[in-house]
Structure formats: structure tokens, C-alpha cells
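Everything on this sheet refers to the single structure shown next.
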Amino acid sequence: MATLLTDAELQTRLANLPDWTRDGDAISRTVELPSFPDAIEFVRRVGEAAEEANHHPDIDIRWRKVTLTLSTHSEGGLTEADVSMARQIDLLTSDR
């Protein structure tokens, strides 16, 4: 069972994740890729990382823009798993 982050804990973690914003009980980020095939490849790589972590973001693909939203649904909010997955996604973004 994961522990929900307090508002202060989340604020501290988001300071190190500048591309992510809080939206209620979730955090999200939009990434713009050079082309639609690049967006699909990025989503594939995120999917592999999510499977490995057993923590899956909600993903919305709009042509070259991919919006990723993280929340620990089973806990009803944000946990360290969301922050960890956001960091992993940031690494994948910097690899492109």
C-alpha cells in the first residue's frame, strides 16, 4: 500500500519536475514531438517503462502532442510512484 504525498511533499518534488503540473489528484505533462510517428514511438517507450514499473499513466495522443497524466488511482491521489514515473518519463523525453 502506497502512502499519499502531503501537499508540501508534492510541492518539493514538483520543484524538481518543472515540466509537470498538478491537476487535483494528478500530475500531468504535455510533450510535443517532431512528427506523429515520433509521438507513437515515444508512447511505446513510455509504455515499456510503465510496464516495468507497474505504474501506468493515462496517455492522450493528439497528432504530435502527447499528454501524460499520473495518479495512484488505488490510493486516491499522488504517491512516490507517480513522482518516480514522472522522472522516468522525463528521462525518456530527454533521450529523443
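When restricted to residues that are polar (S, T, N, Q) and surrounded by 12 or more Cβ atoms within 10 Å (Cβ to Cβ), segment 4-23 contains 2.
Summed over segment 24-76, residues that are over 21 Å from Asp95 (Cα atoms), small (Gly, Ala, Ser) and either surrounded by fewer than 13 Cβ atoms within 10 Å (Cβ to Cβ) or modelled with pLDDT under 95 (or both) total 3. Could you list, in sequence order, the residues of segment 12-46 that are more than 14 Å from the chain's Cα centre (by Cα) and within 15 Å of Arg87 (Cα to Cα)? Selection gives Thr12, Ala15.
The values are calculated or read from the model by the stated rules, or taken from the named source; none is laboratory data. Quick caveat: nothing in here was measured; it's all calculated off a predicted structure. Using ideal geometry, Cβ is built from the backbone for each residue, glycine included, and neighbour counts are taken over all protein chains shown.
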